[in-house]
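Presented below is the structure to which this report refers.
The values are calculated or read from the model by the stated rules, or taken from the named source; none is laboratory data. The structure displayed is predicted, hence computed values, not measured ones. As a convention, Cβ positions derive from the backbone with ideal geometry for all residues, glycine included, and neighbour counts pool all protein chains shown.
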Amino acid sequence: MAHEFLKATRIASSALGLLEREIVVPGLVWRDAAGDFSGAEGDTISIRVPARTQARKRTLRGARPTASEGNGIITMDELTEHKVDVTLDTAVYNAVAITDEQLALDITNFGAQVLAPQVRAVAEGVEDEIINEMVSATYATTLTLDETDPYNTAVDANTALNKANVPRTERAMLVGADLEGVFLKSEHLNRVDQSGSDSALRDARIGRIAGFGDIYVSNGLPANVGFAFHKTAFVLSMRSPSVPDGATYGSSQSYEGLAMRWIKDYDFRNVQDRSLLDVYVGTNIVADGPRALDGEGNPTGDPTFVRAVKITMS
């Protein structure tokens, strides 16, 4: 019988496939918008957010001032772009030790018994990073859920996004377990077909309501919190670390915004294998809403966060 050896690239690719099925929240946000971090100072890349300005009016056939009376009848505005920084500042990882006895006597399927639990742990860790960003952000609009008819709250969230000129496409609503229960009781919820796919996003969809493409549920969220947002409201960047030259087995893979490194080596002092899965992660919000105006009508101060609406239960 021919020997069958573990292939590092095959293991890493399998890990990414498992990760894709486990992730819910990262699949709803703007992934890797910042591009390549190689050589970036401070491991930070900036995303440019276009300037916003306001139209002015003048009266037709109005008097034209002379040069000594002013600069003319047209007021010039300043265009001020701002940026959103994304920094790779967190390494999400899982490491396990596998003794010789376990490898010889207990483990019959390395992928299912060792790799899958590790991938799930890393996936949940990545999801927690973007959820923490969502929960801790300061929102221009926060709504209290109408528990008698959550449709009303969904309409209000949709209206708030419309008023902020947030694109109507690629919007979603993400809710915790308690909000899910209220929405599922609503007669306005259009339930979706859950069959035909094993993807996490498919399994997490509970329906459509009030102009939102889909409503998703995540147990990673606090049970009494939800968000209505555009895909670009939150940024998640993932970078697969490089495999060190000294690793016995290893592969660093990226696929459709997912990234992961797998390393396996042997600790002979303790007579055991070591398996490590990890990924570098950075998150941020994209705030670009209207700012306060100074005495001359020019925007000043920090932009507000209008691409998302927070929903809470009383």
For this session: Go over the candidates Lys264, Lys310 one by one and state the one that is modelled with pLDDT of 85 or more and under 17 Å from the mean Cα position of the chain (by Cα).
Result: Lys310
Seminar exercise, completed: When every residue in region 74-86 that is in a loop (DSSP other than H, G, I, E, B) and charged (D, E, K, R) is compared, the one modelled with the lowest pLDDT is Glu81
For this session: State all residues of region 172-200 that are within 15 Å of Asp156 (Cα to Cα) and modelled with pLDDT under 85; if no residue qualifies, say none.
Result: His188
Seminar exercise, completed: Log entry, pairs with first residue in region 225-236 being on the phi > 0 side of the Ramachandran plot, second being in a strand (DSSP E or B), beta carbons closer than 7 Å, six or more apart or on different chains, reads none
Problem set entry | Output for region 88-144, where each listed residue is under 30 Å from Ala157 (Cα atoms) and in contact with an Asp or Glu (Cβ under 7 Å, 6 or more places away or on another chain) | Ala123, Leu143
Exercise. Do you know which of the residues in region 201-212 that are part of a strand (DSSP E or B) and on the phi < 0 side of the Ramachandran plot is modelled with the lowest pLDDT?
Worked result: Ile206
